[in-house]
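The values are calculated or read from the model by the stated rules, or taken from the named source; none is laboratory data. Just so we're clear, the structure is a prediction, and the values are computed from it rather than from any experiment. Glycine gets a Cβ as well: all are built from the backbone with ideal geometry, and neighbour counts include every protein chain shown.
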Amino acid sequence: MMKKQEGIKSSHHKIPWGSSVKELQNGIIDYSTVAARYADKSALLAMKKVYEIAAEGPVPSTSQPLVGCLCNLVPEELVRVCGGRPLRLCTEDGMCAKDGDEIIPGDVCPLIKAICGLARKDVFERLDLLVIPAACEGKSQISEILSPACQIYLLDLPRSNDYLKSANAWEKNLAEFYRFMRNRYNVKPSRRELMRECRSTNARTKVFRELYQVRSERPDILNSFDYFTLSYLSFFHPPESWLSLALPVLQETFRAAENSVFPGLRRVLLAGAPIIFPNYKLLEVLENAGCLIGADMLCSAYGRLYDPVEVDEDTERGIIRALALRYIGGSLCPCFVNSGKLNDAAINLVREYGLDGVVYHNLRLCQPYDIRLTMMRQATKKENIPFLSIKTDFGQEDIGQLKTRVEAFLEVLTAQNK
Amino acid sequence: MRTKRISITRRIVQVISIILLVYGGYLFKTKQGTDAQTKFFPALSAPQGATSTASFKKGSILWPSGDTPVLENYPPGLVCRFNPNGGMFKACIVHFFSENLTWRTHIKYLLPHITLFVLLCFLLGRMWCGWVCPIGSVGDFLTALRRRMNLSLKRFPNGFHRGLRISSYGLLGISCAISAFIGIPSFARYQCYFFLPYCQVCPARLICPMFGFIKPNWKDFSVLVSSVFTILAWVVLGLFVAAFFFGRRVWCHLCPVGLINSWFNWGCGVELRKNSIKCIKCGSCADACPMGLTRMYKTDRNEIYTESGCIMCMRCVEVCPRKGCLSVHFFKKKITQSHF
Amino acid sequence: MNYTAGIDIGSVTTKCVVTRDSEIVAKAIARTGVDSEKVACAVLAETVECAGIRESDLAVIVSTGYGRRIFKRATAVITEISAAGNAAYHILRDGCLVIDVGGQDTKIIEVNASGDISDFLMNDKCAAGTGRFLEMMAGVLETDLEGLSQLARESSNPVAINATCSVFAESEVVSLIAHAAGKEDIAKGIFNAIGSRIAGMIAQFSARNKAVFCGGGAKSEALKQSIEALSGRKITVLPEPQFVVAFGAALKGASIKKEST
């Protein structure tokens, strides 16, 4: 483990997840309060447990070595099979973003700042390894800044997301990563164990798809807070324990759906930059305005959990390649050059679930999503699908402006539906 | 992984096909070794004056071992042809063309077979290769063995497959040319050496008799030509088997039977269609294709994506993670689709 | 009693309009200040008095604008976007593209042929492209919006202002003054700068609809000319541009009343 530099870590900031006066002053409330707030809004009893876990903060206490990952581009099966506990570190904690501003000031995406700001909460101390995929610029560059705080593995990825051009590179890079992991943790997992991890992921996928379907039909029962918090739990819980939490929610939603009818509220597709607990500002504005989320395309939920691992060649390299195709090949992240895929996915979801429009969420200063925004606006205009773009960050000061936009959008949708 | 409905069905069909091709002739035989016409296919009897195989040299590699020229007789072991007592019905189309180019058979005896062949191809395209061909089934078995042994796949670049296909045209062309040449009366004396030139080197000749527990005729070093054919046959068999430890279905790019079947892939009854808007471009379909095809991945239109190389194994449809993205149709009626 | 009132509670000014049979009979405006509810009540009272009726004669009161939910007396609430679209459609009786340049934000609203809003674009985070930009620049040139427009009219050779951010534009203008560029040319350059921002927003919409202008910024002829030149579209200023949104709210009130009877 490397020696840590003082500049990254600041001991007087040793704040546990949410009891900071500064947070309260900034209007950002701590995790328990946030979780309790959304637990109150939930219609499902089974979600209580989920919110309790979310309130504990994203770093689980475990005897396994914690391997931090960013994005969805690192197959967590490879981490789990080596005995590690994968932890997706992407966070949208406003307090962390402010801390991160001290580490990397300047015009940088708030999500990146928040990840750096985790250093102030001593998260990197608890990690055994941090795997950073060379996805967007922000994520690739912070590997250097964070290297004094933690052991970093930079997973190199080609710019093009085209299977024909890049699949061999993905396979090679992931095989190298796997070799690194095996050496680091001194294990020799068998193919059977790898397949077991893949099957575990697929079991989770099956349940998630059912959740996704029932949410699109009854977003009034399984509201967006519940859905995103449940997805958020998969950031630090392996599939088995996630399933034990998600299945009761699913069953309760089915039961509730049988006994009631959907009030004809507007349902939209949520696309764009991820929304991660506790930054549910936009979700609250949407739900309060009566604009329910019928489907989403975000990497914090759909992109993470919707697709299975399809193993055709069950040699070791074949399984690694299958993981690459699922996590990297199928990724919708705009950091890759994959023209048109995002638009197709959006239009497909709108048509498949009969949604009324698209709400495109972006974080300020995120270039890739910004450029995709223009492309999607044009694509949806061609298909006569109403489109609303929201550009915001983790602060609370623009809630009024968001409300105006969302309410105006709702007026557009209501008029269209007459 | 999840239920592989299509693959399981395909395996069952492959096994049944081997059994039928090897032993099925027994269903139609009248009497073994006699010249009696088959009672089921009178129209398919051999024409008068056809060159009898009795004039062939004994011990030609075309005959499985033993004195009796078994080639013209019943199975087992002879998936290449189904010919109870001199009839014309053949299983392998290349054997059919080769033989009749040499014997200059009258077209009226060829029409039933050609019609049946064309009809089957029109309905099913290249499904023979993926679902029926016995050496294809052997290949799939070898692939499973390779995976068991954890030998990674070597993916060949596209140019390699194109090169094989061009060679396949060459192989078929040369074989037909030789067959036609030795049919010319002044060159008939070469028939005993050059008869069925492709069949002499085809890997099926050495593999399929084993299904019938018959020893294949491994070698004939009596004359130069036979020796050359013997060595060529070994080389082809060696490459055939070895290729399965590096790739999947490599031989199928070279096989002349597959080549002829492939001409019918465009416009046949079995259609593989893509609904492009559902595609997430993960590449699983192209990755799983044993023929290394990529059109199902590349295309952005809602179209039929079967190429000439497609053996209709439908692995692409099976591995696609998005419901309804890839589907199998039979004359526009949907049979099955990708699902999870 | 066909009186309805629309009240637009903006962040800078509050406007109120009373209509009878969808015609404006009275209007009033005041600065919003810190207590928006109190100001809204006062403005409403003033408008009602000007119309010669009592508040109880109003069938519907519709509030809109930034402070729309604060005003407790409102019967209904709509966003400024819908209100502007309503008013524009009522005046033109056809689909149009509404350009609303306010003090704090700028909106482009696309209205379709049936009078519904089909799309909109808002710029409310960045000052460039809003009235705020003009106010800042007018201050640098030691004048106000009126004076700025006057100066611009006399320009023959406008300077190009390169900064996209209004804060940097301010320093650019200061340095231009220091280098003795003519005030008229700077003023025209300022209008071109804001005009190009707005033209950029307009370019995201199709050119088939008629373009109309409302909001505080529409009072400036110089701004209208700049936008026309830079977007290549003919722009019509709506009557009483600053009250258009309040008018639209009042019209919504009229349609609510019609539905309930």
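Given C:43, C:18, C:60, which one is touching a Ser or Thr at 6+ places or on another chain (Cβ under 7 Å) and closer than 22 Å to residue C:145 by Cβ?
From the options C:43, C:18, C:60, the qualifying one is C:43.
For region A:273-316, name all the residues that are closer than 25 Å to residue A:341 by Cβ, within 12 Å of chain B (Cβ to nearest Cβ) and either part of a loop (DSSP other than H, G, I, E, B) or more than 14 Å from the chain's Cα centre (by Cα) (or both).
A:297, A:306, A:307, A:308, A:309, A:310, A:311, A:312, A:313
Can you name every residue in region C:112-125 that is at the interface with another protein chain (Cβ under 10 Å from one of its Cβ atoms) and either touching a Leu at 6+ places or on another chain (Cβ under 8 Å) or without any contact (Cβ under 8 Å) to a residue 60 or more places away in the chain (or both)?
C:112, C:114, C:115, C:116, C:117, C:118, C:120, C:122, C:124, C:125
Scan region B:211-235 for residues that are part of a helix (DSSP H, G or I) and surrounded by fewer than 19 Cβ atoms within 10 Å (Cβ to Cβ) and jot them down.
Result: B:224, B:225, B:227, B:228, B:231, B:232, B:234, B:235.
Matching residues to (1) at the interface with chain A (Cβ under 9 Å from one of its Cβ atoms); (2) assigned to a loop (DSSP other than H, G, I, E, B); (3) touching a Cys at 6+ places or on another chain (Cβ under 6 Å):
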{"site": "B:242", "(1), (2), (3)": "no, no, no"}
{"site": "B:266", "(1), (2), (3)": "no, yes, no"}
{"site": "B:280", "(1), (2), (3)": "yes, yes, no"}
{"site": "B:302", "(1), (2), (3)": "no, yes, no"}
{"site": "B:310", "(1), (2), (3)": "no, yes, no"}
{"site": "B:313", "(1), (2), (3)": "no, yes, no"}
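Working carefully through the options B:229, B:240, B:246, find the one that is in contact (Cβ under 8 Å) with a residue 60 or more places away in the chain, in the same structural domain as residue B:197 (by TED's automatic domain parsing) and under 30 Å from residue A:308 (Cα atoms).
So the residue among B:229, B:240, B:246 that is in contact (Cβ under 8 Å) with a residue 60 or more places away in the chain, in the same structural domain as residue B:197 (by TED's automatic domain parsing) and under 30 Å from residue A:308 (Cα atoms) is B:246.
Any residue at all in region A:288-308 that's surrounded by fewer than 24 Cβ atoms within 10 Å (Cβ to Cβ), basic (Lys, Arg) and either touching a Pro at 6+ places or on another chain (Cβ under 6 Å) or more than 30 Å from residue A:400 (Cα to Cα) (or both)?
Yes; the residues of region A:288-308 include at least one that is surrounded by fewer than 24 Cβ atoms within 10 Å (Cβ to Cβ), basic (Lys, Arg) and either touching a Pro at 6+ places or on another chain (Cβ under 6 Å) or more than 30 Å from residue A:400 (Cα to Cα) (or both).
Would a scan of region A:180-196 turn up a residue that is of a type in the set (Ser, Thr, Tyr), out of contact with any strand residue (DSSP E or B) (no Cβ under 9 Å at 6 or more places or on another chain) and more than 30 Å from residue A:291 (Cα to Cα)?
Yes, region A:180-196 has at least one match.
From the set of residues in region A:351-373 that are out of contact with any strand residue (DSSP E or B) (no Cβ under 9 Å at 6 or more places or on another chain) and surrounded by fewer than 17 Cβ atoms within 10 Å (Cβ to Cβ), which is nearest to the other protein chains (Cβ to nearest Cβ)?
The selected residue is A:351.
Where residues in region B:304-340 are under 23 Å from residue B:253 (Cβ atoms) and out of contact with any helix residue (DSSP H, G or I) (no Cβ under 7 Å at 6 or more places or on another chain), which of them is surrounded by the fewest Cβ atoms within 10 Å (Cβ to Cβ)?
B:304
Of all residues in region A:143-170 being modelled with pLDDT of 90 or more and within 16 Å of residue A:90 (Cβ to Cβ), which is farthest from the other protein chains (Cβ to nearest Cβ)?
The residue in question is A:152.
If you check residue A:344 against the conditions, is it without any contact (Cβ under 8 Å) to a residue 40 or more places away in the chain, part of a helix (DSSP H, G or I) and closer than 12 Å to residue A:273 by Cα?
Spelling it out, it is not the case that residue A:344 is without any contact (Cβ under 8 Å) to a residue 40 or more places away in the chain, part of a helix (DSSP H, G or I) and closer than 12 Å to residue A:273 by Cα.
Only one residue in A:263, A:278 is modelled with pLDDT under 95, touching an Asp or Glu at 6+ places or on another chain (Cβ under 8 Å) and surrounded by 24 or more Cβ atoms within 10 Å (Cβ to Cβ). Which one?
Among A:263, A:278, only A:278 is modelled with pLDDT under 95, touching an Asp or Glu at 6+ places or on another chain (Cβ under 8 Å) and surrounded by 24 or more Cβ atoms within 10 Å (Cβ to Cβ).
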